[in-house]
């Protein structure tokens, strides 16, 4: 079973993440209700087992916590994928949520890149989740996970819907890209690494 666990502790955050690519329970506790909701969407629609236990300097703001969870999730994804032999590698997903429509395309190439194109207002959702942190989360995941992410919000009005559509599209794209479909590394180079 492709799985990984990581514990990262700094002066700003303490984050524990377990990721199981073949599924399992989702248990999320970050201290940010809206962020927990988005990570649950990632687990559910990605078909992943995901456990996240995170504490951070939330009286400052949500930046350090959200970014560090993204970094840790990227690290566990990279470890769980191993040499990436047999994976589908490329995938995309379009996800609507009422009036909002998001598209996310991923390449589990081993080379980190993030193109994030979404007009999101600089507001706070729920109990302290800063919406501009969505972009930072996607970047952190791409950089540490060794994948290219192209995320586009195609339309939307309600900010909750827009953010949730992006997370669900990311989940569905990762679900497809991490699937195994045969042997060998899907690259003419014979390796998927930076």
Honestly segment 131-183 on the Cα gyration tensor test (a ≥ b ≥ c root eigenvalues; a/c under 1.5 rounded, otherwise a/b vs b/c for prolate or oblate) is just oblate
By the gyration tensor of its Cα atoms, with a ≥ b ≥ c the square roots of the eigenvalues, what is the shape of segment 73-187: rounded for a/c under 1.5, prolate for a/b over b/c, or oblate?
prolate
Could you please rank 105, 134, 60, placing first whichever residue has the fewest other Cβ atoms within 10 Å of its Cβ?
60, 105, 134
Could you line up 159, 10 from fewest to most neighbouring Cβ atoms inside 10 Å?
10, 159
What list do you get for 78, 44, 16, 162 if you sort them by fewest beta carbons within 10 Å?
44, 16, 78, 162
Which percent, to the nearest 5, of DSSP beta bridges fully inside the chain are antiparallel?
80 percent
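Taken together, the values in this text are just the output of simple stated rules run on the coordinates, not laboratory data. Treat the numbers as computed from the prediction; the structure is a model and nothing was measured. Here Cβ is always computed from backbone atoms with ideal geometry, including for glycine, and neighbour counts include all displayed protein chains.
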